[in-house]
1. What is the set of long-range amide H partners of I81 at a cut-off below 5 Å, with H atoms built 1.01 Å from backbone N?
2. Projected area of the range 17-222, taken from the Cα convex hull and averaged over every viewing direction, in nm²?
3. Length gain on complete extension for the stretch A116 to D168, per 0.36 nm per residue less the alpha carbon to alpha carbon distance?
4. For a paramagnetic label modelled at 7 Å from the Cα of R178 toward its Cβ, which residues of the range 194-230 fall within the zone defined by backbone nitrogen distances under 17 Å?
5. Could you sort the peptides 42-52, 161-171 by per-residue average Cβ neighbour count (10 Å cutoff), highest mean leading?
6. Which distance in nm do the two modelled labels at V231 and A89 give, with both placed 7 Å along the Cα-to-Cβ direction?
7. Please compute, over every Cα-Cα pair in the range 110-194, the percentage with a separation greater than 19 angstrom.
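A short reminder: the numbers here are calculations on the coordinates, not readings from a lab. Every value quoted in this text rests on a predicted model; they were computed, and no experiment measured them. Ideal geometry is used to build each Cβ from the backbone, glycine not excepted, and the neighbour counts take in all protein chains shown.
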Amino acid sequence: MHEPVVDMRDVPGDADVAIVGGSGALGFGLALRLRAAGVRVAIGSRSQERAAEAAGRLSEVVDGPACSGLANDDAAAAARIVVLAVPFASQAATVKSLASVLVAGQIAVDTTVPLATAVGGRPTRTLSPWEGSAAQQARQLLPPEAALVAGPHTVSAASLADPDARLDEDVLLCGDDRAATAEVARLVELIPGLRAVDCGKLEIARAIEQLTPLMISINRRHKAHAGVRIVGLPRPG
């Protein structure tokens, strides 16, 4: 088991956040909301041309800081926080390709859910990764020097990608490095309407990931884009 990163140094780069898989629905939605919040975003894709096209589309939809479109490796090397917004079917290959790029001080944020769609199944069912969860699988493949935080899993990609949609929900996060989780939480809360909730160590990702097929089923049945809200928490500070 990898030891959590404690002493993280700043990583210089041309972006605050890189989103690997940023041309996909969830990745693009996150990029849109973060750019609108003033965050410098690098969109990553297996195809640099596709990434550049997504970056151009993003610039047309919302104003904000400079946004670049890069190949996945270049995007991951350009930012301190690297969001992995790829489907489960390509998660392992993508993480392996980034393993030689990520260094001490960087934080990987894994949004992957092991939906059965990876093998032609229904999106309301999940697979069972050997490691226990998609996030734990990513942890085994990433270099130990890079921290890993799991989330978000329950925020609607369609809502994120609609700049007129009002968000009002919680983002559940977990990870073995509390400082890294806190940093990702601060990033999440730059997006109006989202509150980050630290749910504990990375092992709890297996429970959080299972909420995604539940939300898919609820939203299909009610034709909605509902999210999750945890009640009864103490107010910050």
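1. Amide H neighbours of I81, under 5 Å, 5+ apart: A18, I107.
2. 10.2
3. Extra length available between A116 and D168 comes to 15.9 nm.
4. From the range 194-230, the list is 197-204.
5. 42-52, 161-171
6. 4.0
7. For the range 110-194, the fraction of Cα-Cα distances above 19 Å is 48 percent.
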